[in-house]
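Novice: This structure is in structure tokens; I'll ask about it shortly.
The values are calculated or read from the model by the stated rules, or taken from the named source; none is laboratory data. Note that the structure is predicted; figures quoted are calculated from it, not measured. Virtual Cβ from ideal backbone geometry, glycine too; neighbours counted across all protein chains shown.
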Amino acid sequence: MYYYPLQPPYILLLIGFLMAVTSGIALSGTLKVIVKKWPANSPNAKDSKKRTFYQQLLLPFVGITAGVSLFMSCGLQIFGFPSPLAIGVGLPLSLGTCLFIWWQLGGLLDYVKDQGMQSLDLDSWS
């Protein structure tokens, strides 16, 4: 009747969590370094800088995506989902969320690069 895994993937859950956290720390550090290097006015060579900017952020973000996917799939398996169903639900859900966040991050950073950091005054909204 009920599905109870004999060996729940607790170790894989922990590995996925640590993978996502360490990749998030790497992404944060890389993003801080990139933003500090932005000159005040650089109208020339925007496209080539944008490509290298995305290339530098891609590897940590892929690490976050892989870690979240592993964490989500193993978490669903621990809570009783069969392995194929857990992967079938966890993988598309985490990949879709991470792709949306990548798209939002790119749009936000393009906006900040064009308008300046002062345009993101989030304290005035409260």
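Novice: Let me confirm something: among Leu105, Leu99, Leu93, which residue is in a helix (DSSP H, G or I), exposed (fewer than 15 other Cβ atoms within 10 Å of the Cβ) and hydrophobic (A, V, I, L, M, F, W, C)? Explain how you work it out, then say what you get.
Specialist: Details: Leu105 fails: exposed (fewer than 15 other Cβ atoms within 10 Å of the Cβ); Leu93 fails: exposed (fewer than 15 other Cβ atoms within 10 Å of the Cβ).
Testing whether each residue is in a helix (DSSP H, G or I), exposed (fewer than 15 other Cβ atoms within 10 Å of the Cβ) and hydrophobic (A, V, I, L, M, F, W, C) leaves just Leu99.
Novice: Got at least one residue in the range 67-74 being surrounded by fewer than 13 Cβ atoms within 10 Å (Cβ to Cβ), among the small types (Gly, Ala, Ser) and modelled with pLDDT of 90 or more? Give the derivation first.
Specialist: Restricting attention to the range 67-74, the residues satisfying the condition of being surrounded by fewer than 13 Cβ atoms within 10 Å (Cβ to Cβ) are none.
Scanning the range 67-74, I find no residue that is surrounded by fewer than 13 Cβ atoms within 10 Å (Cβ to Cβ), among the small types (Gly, Ala, Ser) and modelled with pLDDT of 90 or more, so the answer is no.
Novice: Which pairs do you get when a residue that is over 17 Å from Ile64 (Cα atoms), found in the range 6-35, comes within reach of a residue that is of a type in the set (Phe, Trp, Tyr), reach meaning Cβ atoms under 8 angstrom, with the pair 6+ apart or on two chains?
Specialist: Ile34/Phe53
Novice: Just to verify a result, which residue in the range 75-90, among those that are loosely packed, with under 14 Cβ neighbours inside 10 Å and outside any helix (DSSP H, G or I), is modelled with the lowest pLDDT?
Specialist: Gly80
Novice: While we're here: Take the range 76-121 and flag every residue that is of a type in the set (Gly, Ala, Ser) and more than 30 Å from Lys37 (Cα to Cα).
Specialist: Quick first cut of the range 76-121, residues of a type in the set (Gly, Ala, Ser) only: 80, 83, 86, 88, 90, 94, 96, 106-107, 116, 119.
Gly80, Ser83, Ala86, Gly88, Gly90, Ser94, Gly96, listed by residue number.
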